[in-house]
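A short worksheet on the structure shown next.
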Amino acid sequence: MMKLILFEFKKMIRTKLVAFLLLVTVATIVGLFIRNVIQQDVIQKEKIEQFSDYLNDVVGQVMTDRMVLEDNFDSEIQARLESGGELSGELNTLLAAIEKKDWQTELQTEINVYNLATDYIRLKGDFNVSAEEREIRMKLNQELLNLGLPKENFDLSIQTSLFMKKIVSILLTVGGFLFLLLALGTVIAKEFEGGNIKLVYNLPI
């Protein structure tokens, strides 16, 4: 029985279809990895744009508060001004960490930003991230710091474990199953055409 299995396996390897499928699979995996590597700069740019928008909003509010305080002193506005100044400083630190690709500083500084943002919002400052989203991001960052892992986009990750997990998830989709069925169906059809399947039917279990 084992010899028969090895015979069938060798026969499948020698067929052009199997070689073609292996070539396509390898080319697809390599292509996806190269795409992910190229997209890392795009991800970095998007993060910089995102936190730059937050910084611009805070700086705009800080400038407005300063102008108001020049005319009339208000303790609430003064408190928001101080909070906004601290928050803008932390956002600048975060942007510098992103540009340097210092992921540990980035994760910790992002946590600090969201903590400061909570106080800033309490003082009626504008920060366009909901409390729920801030909490989720802080927990994720803390878990990554504890594990010693950088934050990455799952779909565009270049870490070996995450990348292979993505590949497996793609193969387990409907498209992956259809591709596998097409390959197996072609091989089985050739077995019927060549008459080899009759020999298999006549063998004992």
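Rule-based calculations on the coordinates, nothing more; no lab input. What you are looking at is a predicted structure, and each value in this text was computed from that prediction instead of being measured. Neighbour counts run over all protein chains shown; Cβ positions are idealised from the backbone, glycine included.
Given a cut-off of 12 Å, what percent of all Cα-Cα pairs of region 38-89 lie beyond it?
Percent of Cα pairs beyond 12 Å in region 38-89: 66.
Can you tell me the length gained on complete extension of the stretch E49 to Q104, counting 0.36 nm per residue apart and subtracting the Cα distance? Before the final figure, lay out the partial values.
Details: separation 55, 0.36 × 55 = 19.80 nm, distance 1.96 nm.
Contour length minus Cα-Cα distance gives 17.8 nm.
In a shell of Cβ-Cβ distance under 13 Å around R66, excluding R66 itself, what net charge do Lys and Arg (+1) and Asp and Glu (-1) give?
Details: positive: R80; negative: D65, E70, D71, D74, E82.
Residues close to R66 contribute a combined charge of -4.
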Could you work out how far apart the two model spin labels at N92 and L22 are, taking each label as a point 7 Å from the Cα in the direction of the beta carbon, and quote it in nm? 5.9 nm
Kindly flag which residue pairs out of K100/K165; K101/K124; K47/K166; K45/K124 have an alpha-carbon separation exceeding 24 Å in this structure. K100/K165; K101/K124; K45/K124
